[in-house]
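What follows is calculated from the coordinates using simple rules that are stated; it is not laboratory data. Quantities reported herein were computed from a predicted structural model and do not represent experimental measurements. Positions of Cβ are backbone-derived with ideal geometry, glycine not excepted, and every protein chain shown enters the neighbour counts.
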Amino acid sequence: MEQKEITAADIDRFVKTARKFVVPVLVGLIIIVGFTSAVYQIPTDSVGVVLRFGKYVGEVQPGLRFKVPFGVDRIKPLAVKRQLKQEFGFGTSGGRNKYQYNANGFDKEKRMVTGDLNAALVEWVIQYRISNPQNYLFKVRNAEDTLRDISESVMREVVGDRTVDEVLTIGRQEIESEALIKMQELASKYEVGISIDQVQLKNVNPPTKVQRSFDEVNQAQQEKEKLINEARREYNRAIPLAEGEKDQKIQEAEGYGLKRVNEADGDALRFKAVLAEYIKAPEVTKLRIYHETMQTVLVNVKSKNIIDGDAKSVLPLLQLNGVKGVK
């Protein structure tokens with residue numbers, strides 16, 4: 001088969017034909033790539049940090065946005081409205097924050113020494129937000145690691161200022177409040193761009209070797225508190241009851257005393273009135289007093305026999321039939 005020789009004219013015609021198709025295709029590809037690299041979207045819980053040739057130039061709000069294409073502008077979304085957390089001494093899998101817990105282990109960061117030179121195993125959580133994206137990205141090399149170091153340092157300081165009993169029992173809320181204040185002060189000083197919302201102590205236990213002894217002491221303290229509360233409850237029940245009975249007795253005594261005084265005053269007034277009448281008519285007054293007395297006395301007498309004062313004997317008047325021992 002005879003081969004056809006390619007001439008310069010053939011090459012020239014091929015180049016001209018290629019230009020008609022390749023150039024439009026290249027232009028179209030450039031337009032498509034430029035458009036796709038210029039359009040981006042920021043989630044509702046985030047802001048976009050705009051980097052132009054690697055330099056910070058500003059922030060954009062959530063929504064569909066445009067940027068300078070071909071890598072001139074790079075956008076880094078930061079979830080400033082989402083509350084993040086870091087865990088110390090333990091770890092919960094499935095979190096969206098890769099700095100949520102220490103992947104190298106928990107034993108070292110939770111072992112602490114208290115102010116009375118005892119040991120304690122402290123687990124805690126901090127909840128925070130990104131408050132300043134520019135500081136978060138550019139003021140420190142890694143804001144999340146810096147925050148972990150700040151949190152561990154402050155917690156060791158706060159725990160080291162208290163006894164083991166305070167750390168394990170009554171001082172938890174005070175430790176949380178003081179640690180939150182100190183962590184936020186250091187975060188602001190180092191300009192990490194993070195705002196700490198909450199510090200919460202989780203499990204706080206003595207070392208494993210003394211756990212049983214501590215549990216026994218704790219149980220004894222709880223029993224002590226229980227007995228104290230029961231005694232206070234009985235005290236609060238008995239004292240008001242006694243106070244009420246005391247007030248009742250006092251009121252009864254005061255009422256009785258007032259009654260006796262009034263009766264005495266009434267008797268005195270009545271005696272004075274009788275005395276005044278007696279002075280006026282002694283015989284008549286004596287007779288009236290006698291009659292009034294008999295009216296009071298005879299009412300309570302079941303059997304009455306009225307005889308003459310000059311009678312020699314009362315036997316004929318007594319009905320002895322039916323009386324026990326008399327026939």
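For ARG96 and LYS226, what is the calculated FRET efficiency with R₀ set at 41 Å and r taken between the beta-carbons, to the nearest 0.05?
Approximately 0.40, to the nearest 0.05.
Step through the residues of the range 94-107 one at a time and calculate ³J(HN,Hα) from phi using the Karplus curve (6.51 cos²θ - 1.76 cosθ + 1.60, θ = phi - 60°), rounding each to whole Hz and writing x for Gly and Pro.
Taking θ as phi minus 60°, the curve returns x, x, 7, 9, 5, 9, 5, 9, 7, 6, 7, x, 10, 4 Hz for the range 94-107.
Long-range amide H contacts for ARG65: which residues qualify at under 5 Å (H placed 1.01 Å from N, peptide plane, sequence gap of 5 or more or a different chain)?
Answer set, sorted by chain and number: TYR40, GLN41, ILE42.
Most exposed first by the Cβ proxy, i.e. fewest other Cβ within 10 Å, how do MET155, MET183 rank?
The order, fewest Cβ neighbours first, is MET183, MET155.
What's log10 of I(q)/I(0) for the range 84-206 at q = 0.11, 0.17, 0.21 Å⁻¹, Debye sum over Cα points only, no solvent?
Here log10 of I(q) over I(0) equals -0.35, -0.82, -1.18.
Quick one: what does P(r) look like for the range 69-144 with 5 Å bins over all Cα pairs, in whole %?
Pairs per bin, as whole percents: 3, 12, 17, 18, 15, 14, 9, 6, 3, 1, 1, 1, 0.
Determine ³J(HN,Hα), in whole Hz, for all residues of the range 217-222 in sequence, where each value follows from phi through the Karplus function 6.51 cos²θ - 1.76 cosθ + 1.60 and θ = phi - 60°; x replaces Gly and Pro.
My calculation for the range 217-222 gives 5, 4, 5, 5, 5, 5 Hz in order.
For the range 215-299, just run the numbers: alpha carbon Rg, then divide by 2.2 N^0.38 Å, N being how many residues it has.
Working it through for the range 215-299, the quotient is 2.60.
Using θ = phi - 60° and the Karplus curve 6.51 cos²θ - 1.76 cosθ + 1.60, what whole-Hz ³J(HN,Hα) does each residue of the range 136-143 get, with Gly and Pro shown as x?
Going residue by residue, I get 4, 8, 10, 7, 10, 5, 9, 5 Hz, with x marking Gly and Pro.
Quick check on the exposure proxy: order LYS139, LYS182 from fewest to most C-beta atoms within 10 angstrom.
Fewest-to-most Cβ neighbours within 10 Å comes out as LYS139, LYS182.
Rank the residues ARG52, ARG162 as a footprinting-exposure proxy: fewest other Cβ atoms within 10 Å of their Cβ go first.
ARG52, ARG162
If you put +1 on each Lys and Arg Cβ and -1 on each Asp and Glu Cβ, how big is the dipole of the range 196-260 around its Cα centre, in Debye rounded to 20?
It comes to approximately 100 debye.
Once the dipole of the range 71-150 is set up with Lys and Arg at +1 and Asp and Glu at -1 on Cβ about the Cα centre, which of ILE130, LEU84, VAL72 lies farthest towards its positive end?
Going by the charge dipole, the pick is VAL72.
Can you pull out the chymotrypsin sites (Phe, Trp or Tyr not before Pro) in the range 47-123 whose DSSP state is coil and whose Cβ has at most 14 other Cβ atoms within 10 Å?
PHE53, PHE70
Beyond a 28 Å Cα-Cα separation, which of these cross-linked pairs lie in this structure: LYS85/LYS139; LYS81/LYS108; LYS98/LYS202; LYS76/LYS110; LYS55/LYS81; LYS98/LYS182?
Pairs exceeding 28 Å: LYS81/LYS108; LYS76/LYS110.
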